[in-house]
1. Once R0 is set to 41 Å, what does the formula 1/(1 + (r/R0)^6) return for the Cβ-Cβ distance between residue 175 and residue 425, expressed as a FRET efficiency to the nearest 0.05?
2. Roughly how many nanometres apart are two label points built 7 Å out from the Cα toward the Cβ at residue 51 and residue 279?
3. Using only Cα atoms, locate the centre of segment 150-195 and the centre of segment 215-252, then give the distance between them in Å, rounded to an integer.
4. What is the pair-distance distribution P(r) of segment 113-260, computed from all Cα-Cα distances in 5 Å bins starting at 0, with each bin given as a whole percent?
5. Each label point is 7 Å from the Cα along the Cα-to-Cβ direction; what then is the distance between the points at residue 158 and residue 219, in nm?
6. Residues in segment 221-253 near a label at residue 148, defined as backbone nitrogen under 17 Å from the 7 Å Cα→Cβ point?
7. Listed highest first by mean packing, meaning other Cβ atoms within 10 Å per residue, what order do 47-54, 113-120 come in?
8. Once Rh for segment 17-57 is found with the Kirkwood sum over Cα pairs, what is the Stokes-Einstein diffusion coefficient at 10 °C and 1.306 mPa s, in µm²/s?
């Protein structure tokens, strides 16, 4: 999360001299209901990763948006466990700050407080997917997804076929009849799906409604729209004039699935920028507590070995908006892949909280990690003071195993974020070693 946010800040800074007025924005997927994922706390142990979070089984039944839920995990106890594992290296300032960031907070509030403290970046803004005052602006999009669901389904199926023909299985696999749309009803987030000639809310007893009844409930405000991984990019570009978005390989893969929906919605897609990959390394050359070098899968599979010769020179080239690599092409030779598209034009009718400013957004919608799991399950969520261990439904670990907590305990905020801010390049391909 910190790397994505810093990349967005650096992109905005790089384009400022060109006269482009940008704001770095972190989109918080606070409406997601995956309480299991937001409560995972991986810590280093003598035999590898140890999960310190609460029992996931009772949390898996949650259907309420996590952002507004109070943090009921015993954060103080988790931090004490982390302190015990770090021994004399434990940084007390970090422990105190993280403890304070979670005390009496909701998951969304704890997330914003933690990341704001960690980066201390005044230019970084936060967008909350759950803001009720923005829901009316999104109702027309939800209405179209309901009324034109057959066309939306056709576009997504056609795109999935193209990706499969190119050797890339879809990142997001939806159940039969599911719309890329949820409804917030009675405080719960429920999937809309088509069944037996009607529409229903999954888990609500099978009440069948026709399309216009659904539309009436959205338009009246009885139901509030919430968007899936395949439609959330449309909602962000409806609310804000997003110029570029920083995404991990799995996010890029599922964006590849839904890109045709931008034309369907009449929206200009942002430029997709691959999230930098950073490996903190101690001054002695020994790596800190980190996972093994990642081996991403899917349409954005990276090289497993460092490039040499001409390939090495190619890998040093910065991202260029003129590059047009689409997910249906063979795997790119260097991982700063992006779909270049028309930039956002001033005069767009997309509303923004800061009129006249475009945004560079490190997306939290569906996942910033390489494609080791379905992307719909890999979103960074509010409330994590340590990132969750990312596991696919097939049990394969994703790229990141530890969050920033182990490094914070060893080096402190200044010792971790200072080198990241100084050394991280958003426009360089491959794994970047950050000397701490």
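Read-outs throughout are calculated quantities, based only on the coordinates presented, and are distinct from any laboratory measurement. Quick caveat: nothing in here was measured; it's all calculated off a predicted structure. Every residue, glycine as well, gets a Cβ built from its backbone with ideal geometry; the counts of neighbours run over all protein chains shown.
1. 0.50
2. That separation, rounded to one decimal, is 2.6 nm.
3. 14
4. Bin by bin from 0 Å, the calculated values are 2, 8, 17, 19, 18, 16, 10, 6, 3, 1, 0.
5. Output for this residue pair reads 2.8 nm.
6. So the set is 228, 230-239.
7. Working: 47-54: 14.5, 113-120: 18.9.
My ranking of the peptides, most packed first, is 113-120, 47-54.
8. Calculated translational D: 114 µm²/s.
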